[in-house]
Amino acid sequence: MKKKSFFAALSFAAVLTFSLTAFAGTMLNGAGASFPYPVYSAWGYTYNKATGLKLNYQSIGSGGGQRQIMNRTVDFGASDAPLNPDKLEKENLLQFPAVIGGVVPVVNIPGIKAGELKLDPETLTRIFLGEIISWDDEKVKALNPTLRLPSKKITVVHRSDGSGTTAIFTTYLSQVSIEWKEKVGAGKAVRWPVGIGGKGNEGVANYVKRVRYSIGYVEFAYAKQNKLTYTLLKNAAWNFVKPSFESFQDAAASGNFDPEKDFYLWLVNSPGKNSWPISGATFILLAKEKNASNVKVVKFFDWAFNNGNEIARKLTYVPLPDSLKDSIRNYWKAQGIY
Amino acid sequence: MPVLFKKNAGDRIFSLVTAVSSLSVLALIAGILWVLLAESSPAIEKFGFFRFITSTDWNPVTESFGAATNLFGTAVTTVLSLLIAVPVAIGIAIFITEVAPHYLKGPIGVAIELLAAIPSIIYGMWGLFTLVPIMSHYVEPALQNTIGKLPFIGILFKGTPMGIDLLTASVILSIMIIPFTASIARDAFNLTPAVMKESAYALGATKWEAIKNIVFSYSKLGVFGGIVLSLGRALGETMAIAFVLGNNHRITSSLLDAAATITVTLANEFTEADTDIYLSSLFYLALILFVLSFITLAIAKLFLLKAERRYSR
Amino acid sequence: MNRENVRKLNSRIALSLSTIAALSGLFWLIFILGDVLVKGISALGPALFTNDPVPPGMEGGGLKNAFVGQLMITFFATLIGVPVGILGGTFLAEYARGRKISKIISIFSDIMVSIPSIVIGTFIYAIIVKPAGHFSGWAGAMALAIIMIPVVLRTTENMLSLVPWTLREAAFALGAPYYKVIIQVVYRGAAAGILTGILLSIARVAGETAPLLFTSFNNSYFSTNMNEPIASLTVTIFQYAMGPYDDWHKQAWAASLMITIFILMLTILGRLAIRWRYGKR
C-alpha cells in the first residue's frame, strides 16, 4: 500500500510536469457573454474544422468575461457591455467589437404566436418594474386590441448573472424611461424590482419556455433556435418593428464605432425608421501584455471576419460592416498583434 | 500500546509521513478559514459584520452588498426541508428497526442508502424537469385553494404558482436529506438494548408505547445529533436547489416566490462577479457559510459523541 | 372503547404511519431512478460517447470530452486524496492510537466530511486558479481530493482499529519494526475495509458539481490536458439542463443516467466488499 501510494505520488509529479510543459497553449480559452455564444461556438467549430485550432468559448455572462480577463484567467474575455476607454486603460485591456445582434422580449402566453404581441417602451418598462402585473392590463390591451390576452399574472424572467444582455436591455430601458433610470438604472446586473433570475441567455430562455405567462429578454438567436415567442416593439421612430436581420442592420448603420475610444458604443434606441431599438455590438477584450495569445485570438477573429459572415447571418447576427472591420484590423496593427 | 515498538529509521520516516498526512485535515480547515478571511477582507472592511448580515441590498450596480437575502433563503429552505424530512426519516427508521419483517429490513435499508448516494445534481435536474411542472400545475394551486385561503398562513402561499420557488426547492432538499437522517436515526434506534424493550412488553406496553417511551428516550441524543447533522448538510447543499430556486435577491413572505441561498448565489455569480468588491462579498458569503456549517456540524458531532459515550457505558 | 383498545389503536396508527413513511422513501427512489432511467435510455446512443459537443442547433453532438474529463479529474483526485487519506488514517489508528491528537483529528475530519463542497471550490479558486491565472483540470482534481481525504481517512482509521491488536503483537514478536507490521500485516487485514472507503469516497466525489464550477470550469472540446479547463459530466449537466435546447436536455439526461449508474455501482460494490469481509452487520 505504501509503495503504491509512493508510486502514485511519483507518477503524479511526473504527469504534472509533463503536462505543464508539453501541452501549454494548444487551445485558446475565452469566456464571457452568452449573447454571442451561438455564433462564437459555430465559428469556433468551423475554424477547428478548417485549421485544427481549438477555440474553447464558455458562456458565463459578460460580467464573468470582464472579470476573468482582468484576472488574466482566460486568453480573451467577451462582453456585450463595452468598457469605457478609462477603465480599459486602468486594467490594461484592448477592446474591439465582433458582431452585432439584438435583444428581444420573449413571452410564454399560450395561444399567442411569435411576432403577434405588440409592446411599446412604456408597457415594457412597467412590466419589468412590476407595475403592470397582469397580461390583460388596459395598457397591454390598448396596444393589442385584436389579441385575446389572458387574465393571468405576469412572471418576469431576468438574468441572475452579470450580463451584457442585461446591460443592453437596461441601458435601453433607462433611455426610454426616467422612472426606470431612477429606480433601477443600467448595468450588467441590477436590483430587479420583480421576477426570477435565469443563468445566462440559456437560463432565461429555459425559464421562459417552462414558466407559463412569463416574459423575459434574450439575444434573438436564442429566441429563434428555441422557437420562443418574441414580441414587436415600438422604436424611436414610433414604428412597431419586428426583430430581424434587417432591423438589427438598420440599427447598426446608425452607429459610429471610434477606434480612438476602443470602439466604445451603445446601439440602443437608434433613430432609424426600421431600427430594432434594443440592438448592440458584442465586444472582445484582450490583455494588452499577452502578445503571444493575442496574436492567436486576433487570427481567429480575422478568420471569422473573412469567413464567418454567412454563419453569423444564419443565426441572425449582423456581421460588422467592412469599413469597421478594416478599422479594427488597423487597431490590431497599431498594437502589433496583427 | 504503540509506545512499545522500537524506534528505528523506517518508523521515524513512516510515522512522520502519516502524521503529516493526518495533520493535513487540520491544515486544510485552518487554510480554508484563513484564505476566505483574506479574500473577503475588502468586503468586511467596507460593509462590516452586522451591516452585511442585515442588509437586504444585493446591488452590483451601486456595489452595495448584504447577505440578508441569501441568509433568508438558506434559513427558509433548510428549516422547511427539515420539517418535511425529519418526521418521514424517523418513520422510516422506526419501520426498519421495529416494524418491517426481517426479510424486508435489508432491502429497504439498501434502498435508503442508494437514495443517499444519488448525486445532488441529479436531484436538481429531476426537480427542474419533473417536479417543477407537478408543483406548478397540481400541488401549488391545490395548496392555494386549501391552506392558502386560511388567514395568516395564507400569506405563505400567495403569488403565481410557477414551481420555481422556495417550496419546490425545500421539497427537493427534503428528499435529499431523508435517507441521510433516516440512516442515522436507524443506527441510534438499533442501539437500544433488546432487554429494555422486552421488559416494556412484559409490563403490557404496546409496540408504539415501547418505541415512544423506551427507544426514543434511549436514542434521543443520537437522533438529535443526526438531525443537526442533516441541518448542516442542508445548509451547504448547492446543486439540488440551484435549478429551481430562481435566484431572486429579495426577502419574500410567500413560499411560492423565488429566492436565493448563499450556495446558489455562489454557484451563479462567482465566476461572473466583475468588480473586486463584488467577488470579495461572495467570498464573505462563503466565509459565513463555512463558519455556520462548521458550528452546526460541531454541535452535531458533540451530540453524537455524547450519545456514543452513553451507549458504551 | 376502553383504554386498552385506544392504546392498541394508537399503536397501530403510529406503526402504519411509519410504514407509509418507508413506502414514501421507496416511492421517491423509484420515481427519481425510474425517471432518470427512462429519459436517459431514450437519449443514449453511440454518438454520445464518440462525439464531442457541436454548437447548439447542430445535430450529432456527444459528450466524449466530458466523459474523459470526468474520469481524468476523478482519477487524479483519487491519486492525490487516497494516499493522504490512508496515511492520515494510519497515523490516527496506529502511531497516535489512544492519544488526544487522534481524537481531535478524527472529530475535525468528521466535520470536514460535511463541509459544503462549494466552499472548497471558492478556496481552490483563491489558492490555485487565481495565482495560476487560469482554470485547470488540476484545480478541479485538487478540490475533489480535499473532499476525499477526510472520507478515506476516517474509514481507514476505523478499519485499522478493527484489526485485532494481537495480530500486531505476533508480528512484533518476530522482531519486525512497526512500519513493516503496518504495511505487511495491518493493511492486509484491513484491505477490504480500506477498499470500501476508497470506493465510497470515489462515489462521493464523482457526482460533485459545485467544487468544479470555479476550478476545472468547462471545455467544449476534447482535452486531456489537466493544465487547461476541462469538461466534466456534472458541470455539463448543469449547463445543459439549465439551457434551452431540447438536444441539450436529452444529453443531460443521458449523462445523468451514466453518472448515476456509475455511482450506484460503486456504492453497491463498496457495500458488498465490506459484507464479504466482515459478514452481515
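Read-outs: derived from the displayed coordinates by stated rules, not from any lab. Computed from a predicted model, the values in this text were never measured in an experiment. Reconstructed Cβ throughout: ideal geometry from the backbone, glycine too, with neighbour counts over all protein chains shown.
Would you compute, for the Cα atoms of the stretch C:32-122, the largest minus smallest coordinate along each principal axis and list the three values in descending order, in whole Å?
The principal-axis extents, from largest down, are 62, 28, 25 Å.
Which value in deg cm²/dmol, rounded to the nearest 500, describes the helix-derived mean residue ellipticity at 222 nm for chain C, given -39,500 (n - 2.57) per DSSP H run of n ≥ 4 and division by the residue count?
Mean residue ellipticity at 222 nm (helix-derived): -24000 deg cm²/dmol.
Could you tell me the largest-minus-smallest coordinate of the C-alpha atoms of the stretch A:78-142 on each of the three principal axes, in descending order and whole angstroms?
51, 24, 16
Convex hull over the alpha-carbon atoms of chain A: what's its volume per residue in Å³?
Spread over its residues, the Cα hull of chain A gives 163 Å³ apiece.
A:D302 versus A:W238, label points 7 Å from Cα toward the beta carbon: distance in nm?
In this crude label model, A:D302 to A:W238 measures out at 4.9 nm.
Within the set of other residues whose C-beta is less than 14 Å from the C-beta of A:E246, count the net charge using Lys and Arg as +1 and Asp and Glu as -1.
+2
Under 10 Å, Cα contacts only: if you run a Gaussian network model on chain A, which one of A:K87, A:K242, A:K183 comes out with the highest mean-square fluctuation?
Result: A:K87 has the largest fluctuation of those listed.
When the gyration tensor of the stretch C:127-281 is built from Cα positions, what are the square roots of 5 times its three eigenvalues, in whole Å, from largest to smallest?
Equivalent ellipsoid semi-axes, largest first: 40, 20, 10 Å.
Any chance you could check the Cα centroid distance between the stretch C:111-170 and the stretch C:51-95 for me, in angstrom?
14 Å
Using r as the Cβ-Cβ distance of C:L37 and C:L272, and R0 as 25 Å, what FRET efficiency do you calculate, to the nearest 0.05?
Efficiency, rounded to the nearest 0.05: 0.70.
What number comes out for the charge environment of B:L229, summing +1 per Lys or Arg and -1 per Asp or Glu over other residues with Cβ under 12 Å away?
With Lys, Arg at +1 and Asp, Glu at -1, the net is 0.
Peptides B:288-298, C:160-170: what's the order by average Cβ count within 10 Å, highest mean first?
The peptides rank, most packed first, as B:288-298, C:160-170.
Can you give the relative contact order of the stretch C:48-278 as a percent, counting alpha carbon pairs under 8 Å and 6+ residues apart?
Reported as a whole number, the value is 28 percent.
Just how large is the dipole of chain B about the Cα centre, in debye to the nearest 20, putting +1 at every Lys and Arg Cβ and -1 at every Asp and Glu Cβ?
The calculated dipole for chain B is roughly 1420 debye.
Go through C:L48, C:I127, C:M265 and say which Cα lies farthest out towards the positive end of the charge dipole of the protein assembly as shown; charges sit on Cβ, +1 for Lys and Arg, -1 for Asp and Glu.
Working it through, the farthest residue towards the positive pole turns out to be C:M265.
Specify the inter-centroid distance of the stretch A:280-302 and the stretch A:193-247, based on alpha-carbon positions, in whole Å.
Here the answer is 29 Å between Cα centres.
For the stretch A:209-265, what Kirkwood radius comes out of the mean inverse Cα-Cα distance, in Å?
By the Kirkwood definition, the hydrodynamic radius is 13.8 Å.
Please compute the modelled spin-label separation between C:T50 and B:K149, points set 7 Å along Cα→Cβ, answer in nm with one decimal.
That separation, rounded to one decimal, is 6.1 nm.
Which one of B:I288, C:S223, B:S254 is farthest out on the positive end of the charge dipole of the protein assembly as shown, using unit charges on Cβ (Lys, Arg +1; Asp, Glu -1) and the Cα centre as origin?
It is B:I288, whose Cα lies furthest towards the positive end.
Can you list residues from other chains, or at least 5 along the same chain, whose modelled amide H is less than 5 Å from the amide H of A:K54?
Excluding prolines and chain starts, which carry no amide H, the hits are A:L28.
Mean-square fluctuation check for chain B, GNM, Cα pairs under 10 Å: which of B:S170, B:S217, B:S21 is largest?
B:S21
Mind jotting down a quarter of the surface of the convex hull over the alpha carbons of the protein assembly as shown, in square nanometres, one decimal?
In nm², the orientation-averaged hull projection of the protein assembly as shown is 41.3.
Counting Lys and Arg as +1 and Asp and Glu as -1, what is the net charge of the other residues whose Cβ lies under 15 Å from the Cβ of B:A260?
Here the charged neighbours net out to -3.
What is the spin-label model distance, in nm, from C:T224 to C:S16 if the labels are put 7 Å beyond Cα along the C-beta direction?
6.2 nm
Over all directions, what mean area does the Cα convex hull of chain B project, stated in square nanometres?
23.3 nm²
Taking 19 Å as the cut-off for C-alpha to C-alpha distance, list the pairs among A:K224/C:K39; A:K49/A:K299; A:K87/A:K261; B:K197/B:K301; B:K207/B:K306; A:K234/A:K273 that go past it.
A:K224/C:K39; B:K197/B:K301; B:K207/B:K306
Treating the beta-carbon of each Lys and Arg as +1 and of each Asp and Glu as -1, no other charges, what is the dipole magnitude of the protein assembly as shown about its Cα centre, to the nearest 20 debye?
3240 debye
Fewest Cβ neighbours within 10 Å first, please rank A:K152, A:K49 accordingly.
Ordered by Cβ neighbours within 10 Å, fewest first: A:K49, A:K152.
To the nearest 0.05, how large is the calculated FRET efficiency for B:V110 and A:R72 if R₀ is 51 Å and r is the Cβ-Cβ distance?
Between B:V110 and A:R72 the formula returns 0.55.
Which whole-number percent is the relative contact order of chain A (Cα, under 8 Å, 6+ apart)?
Dividing the mean separation by the residue count of chain A yields 24 percent.
Under 10 Å, Cα contacts only: if you run a Gaussian network model on chain C, which one of C:S18, C:S201, C:S42 comes out with the highest mean-square fluctuation?
Evaluated over chain C, the most mobile residue of the options is C:S18.
Filter the chymotrypsin sites (Phe, Trp or Tyr not before Pro) in the stretch B:21-79 to those in DSSP coil with at most 14 other Cβ atoms within 10 Å of their Cβ, and list the result.
B:F49
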